[in-house]
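The values are calculated or read from the model by the stated rules, or taken from the named source; none is laboratory data. Bear in mind the structure is a predicted one, so any value in this text is a computation, not a measurement. Neighbour counts are summed over all protein chains in view; Cβ atoms, including those assigned to glycine, are modelled from backbone coordinates with ideal geometry. With ligands, DNA and RNA removed, areas are computed over all heavy atoms of the protein, side chains included. Shrake-Rupley method; radii C 1.70, N 1.55, O 1.52, S 1.80 Å.
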Amino acid sequence: MNSNRVKAGVFLLEGLNSFSVTLYLYYLYFFTQAKFGFASQKNLVLAATIGFVYIFASVFGGRFGQRQGYFSALRVGLSIMAAALLVGLFVENVAAHVIVLLVYTSGTCFTWPALEALVSENEPPLQLQQRIGVYNLVWAGTGALAYFFGGAVHVVELGLTQWLKTKANSRVSPVEPPCVAPVTRAEISLNPRPIARVKTFLKMAWLANPLAYIAINTVIPTIPALAKRLELSPKFAGFFCSAWLFARTAAFLLLWLWPGWHYRFRWLAGAYLAMLACFTLMLAASDLWLLVTAQIFFGAAIGLIYYSSLYYSMDVGEAKGEHGGIHEAAIGVGNLIGPALGAAALHFFPEQRNSGTWTVSGLLLLGFFALVAVRSRSRVRV
């Protein structure tokens with residue numbers, strides 16, 4: 001399925017999905033703070049719970065899409081998400097809202113692996129760079145706008161999914177079983193890079209990306225407390241604390257236009273160290289403009305790390321749905337570990353306001369050493 005018209009529709013669907021998911025999940029912590037009095041520790045526990053569910057649901061969602069068809073996975077996921085939000089309108093207590101949240105999260109895990117596979121399926125290596133670049137720009141850009149402005153669109157997504165399926169069904173396509181590719185392998189340009197080198201970078205990216213999400217998902221639940229410390233209302237917190245989202249989008253654009261970073265360890269390592277330094281500055285900041293500046297470099301670094309994980313996942317092997325699920329599950333690992341560590345640090349060292357920051361920073365530093373170790377054990381020069 002490499003019809004430009006259908007893939008353009010997939011990008012539109014992806015943008016709607018990113019907009020709605022970002023709006024719900026990123027503002028959730030302001031809601032729990034205002035309605036249920038959640039401080040940073042409880043919001044971190046909630047974020048860790050989301051991450052735990054996301055790990056297993058992503059693997060299942062990726063396999064479901066690979067076996068049952070990507071559009072089938074999208075319909076299931078979007079239906080779950082829309083139903084969860086509908087129920088959420090009529091519940092009041094905290095337990096019910098948490099259940100709604102976890103069901104909603106499970107639904108998203110059917111959508112992202114399918115969308116990643118849809119834009120990547122049957123693309124030769126050179127074209128894959130373009131597709132992944134547009135994919136990253138779309139979800140990051142619409143997500144940043146959602147955090148900045150706000151909105152909700154799941155029902156529209158379901159309708160668009162059905163329309164795209166009817167368009168795709170007119171072609172022989174891997175998006176619904178049986179998974180028969182419309183072109184032979186001889187017609188697809190082979191990846192010119194040594195397979196050992198490719199697999200090494202995939203391992204490093206799958207290690208770095210969850211660690212990056214440890215940083216992201218330690219920051220997001222603490223933004224309400226950070227905004228309170230800097231005397232920002234939720235509205236202005238959305239303005240000033242979305243800087244890293246726009247910086248990530250700009251990084252995706254640059255990385256899409258310039259592929260020279262592919263399979264270059266110094267770029268991945270440099271981005272990782274920048275992410276670590278800016279994470280610490282963001283959570284320890286007592287000045288608004290220092291916070292914004294740190295966010296800009298943080299977003300750029302996160303952009304390269306995420307791009308690496310997704311690009312290498314789609315560049316290696318044929319089971320793109322399953323690889324997309326693993327890529328998302330790795331994100332879930334970060335979503336679990338980061339907030340869990342932050343919450344534990346605040347529990348055991350409540351008098352130390354920055355204990356969570358330093359604990360997660362220490363883990364991220366260990367992650368960098370692990371990244372270097374993976375490279376050192378490789379038998380190829382990377």
With 0.36 nm assigned to each residue of separation and the Cα-Cα distance removed, F236 to A370 gains 44.4 nm
Describe numerically, in nm with one decimal, the distance between label points set 7 Å from Cα along Cα→Cβ at A34 and at R67. 4.3 nm
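Let a ≥ b ≥ c be the square roots of the eigenvalues of the Cα gyration tensor of the range 205-252; is it rounded (a/c under 1.5), or, if not, prolate (a/b larger than b/c) or oblate?
The shape class here is oblate.
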Taking only protein heavy atoms and a 1.4 Å probe, what accessible area per residue, in Å², does the range 203-339 have with all protein chains in place? 33 Å²
By what distance, in whole Å, do the Cα atoms of the range 256-382 stretch along each of the three principal axes, largest value first? 50, 29, 28
Förster radius 30 Å - calculated FRET efficiency between L290 and L257, Cβ distance, rounded to 0.05: 0.50
Stretch Q352-K203 to full length: gain in nm at 0.36 nm per residue minus the Cα-Cα span? 50.1 nm
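Once you keep just the Cα pairs under 8 angstrom separated by 6 or more residues, what percentage relative contact order results for the range 276-382? Walk me through the numbers before you get to the answer.
Details: 55 pairs, mean separation 25.9, N = 107.
This gives 24 percent for the range 276-382.
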For the range 1-66, just list the percent of Cα-Cα distances falling in each 10 Å bin from zero outward, please. 17, 31, 31, 15, 5
With all protein chains present, how much of the accessible area of the range 254-382 (probe radius 1.4 Å) comes from carbon and sulfur, to the nearest whole percent? 68 percent
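Please work out the average accessible area per residue across the range 53-142, using the 1.4 Å probe convention, and give it in Å². Could the numbers behind the result be given before it?
Working: 3150 Å² over 90 residues.
Value for the range 53-142: 35 Å² per residue.
Highest mean first, how do 112-123, 268-279 rank when packing is the count of other Cβ atoms within 10 Å averaged over residues?
Numbers: 112-123: 26.1, 268-279: 20.7.
Ranking, from highest mean packing down: 112-123, 268-279.
Once the piece of chain linking Q127 and L12 is laid out straight, how much longer is it, given 0.36 nm per residue of separation minus the C-alpha distance between them? Before the final figure, lay out each step's value.
On the way: separation 115, 0.36 × 115 = 41.40 nm, distance 1.90 nm.
Between Q127 and L12, full extension yields 39.5 nm more.
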For the range 83-146, the percent of accessible surface on carbon and sulfur atoms (probe 1.4 angstrom, ligands and nucleic acids excluded) is 78 percent
